[in-house]
Amino acid sequence: IVTLDHNRINFGKFGFENFLWIPLDQGEPPTNVAAEKVLNFVQGRDNLQAHIVSAEGTDRIATMVALIEYAIDGQTMEAALAEAHRFNEGQELSPAQEEWLRAWAANHKPGSHRRK
């Protein structure tokens, strides 16, 4: 489980062995370091099928979904942003989130973080 909320939940007490805590504010993008952590975590053998959760806002999940679809799945940024729009209940990401994703794409090729 990747949780994006500020409240740190001990998912171990629910039987989950692996979880990653990346607290994000509503409308704010992750840092590049946090993004790298998420991309590594969701591809970890012990973490397959990773779930991304946030009780505080769907925009955070949508941003991470777009990142994963671009950086791991190799989709175009436009396709990744369209998927983010769907995950965000039809709402656009914040300008900061979209700008960050586009900056990421400017510095990384689609599929750049896919493990072989």
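Scoring Ala106 on the criteria (1) touching a residue at least 12 places away in the same chain (Cβ under 8 Å); (2) open to solvent by 50 Å² or more (accessible area, probe 1.4 Å); (3) of a type in the set (A, V, I, L, M); (4) farther than 24 Å from Ile9 by Cβ leaves a single failure, condition (1). Residue count for the stretch 62-83 satisfying the condition of being closer than 14 Å to Trp104 by Cα and touching a residue at least 40 places away in the same chain (Cβ under 8 Å): 5. Taking the stretch 1-34 as the region of interest, how many residues are closer than 23 Å to Leu93 by Cβ and open to solvent by 70 Å² or more (accessible area, probe 1.4 Å)? Number satisfying all stated conditions: 9.
For Asp59, are the conditions met, namely being acidic (Asp, Glu), surrounded by fewer than 19 Cβ atoms within 10 Å (Cβ to Cβ) and either under 26 Å from Pro95 (Cβ atoms) or free of Cβ contacts under 8 Å to residues at least 12 places away in the same chain (or both)?
So Asp59 fails the test.
Under the condition of being among the hydroxyl-bearing types (Ser, Thr, Tyr) and open to solvent by less than 20 Å² (accessible area, probe 1.4 Å), which residue from the stretch 62-92 is nearest to the chain's Cα centre (by Cα)? So the residue we want is Thr63. Does Gln97 fit the bill of being in contact with a Pro (Cβ under 8 Å, 6 or more places away or on another chain), more than 19 Å from Arg115 (Cα to Cα), open to solvent by less than 70 Å² (accessible area, probe 1.4 Å) and not acidic (Asp, Glu)? It is true that Gln97 is in contact with a Pro (Cβ under 8 Å, 6 or more places away or on another chain), more than 19 Å from Arg115 (Cα to Cα), open to solvent by less than 70 Å² (accessible area, probe 1.4 Å) and not acidic (Asp, Glu).
The values are calculated or read from the model by the stated rules, or taken from the named source; none is laboratory data. Computed from a predicted structure; not experimentally measured. For neighbour counting, all protein chains shown are included, and Cβ atoms are generated from backbone atoms with ideal geometry for every residue, glycine included. Calculation scope for accessible area: heavy atoms of the full protein, side chains included, ligands and nucleic acids excluded. Shrake-Rupley method; radii C 1.70, N 1.55, O 1.52, S 1.80 Å.
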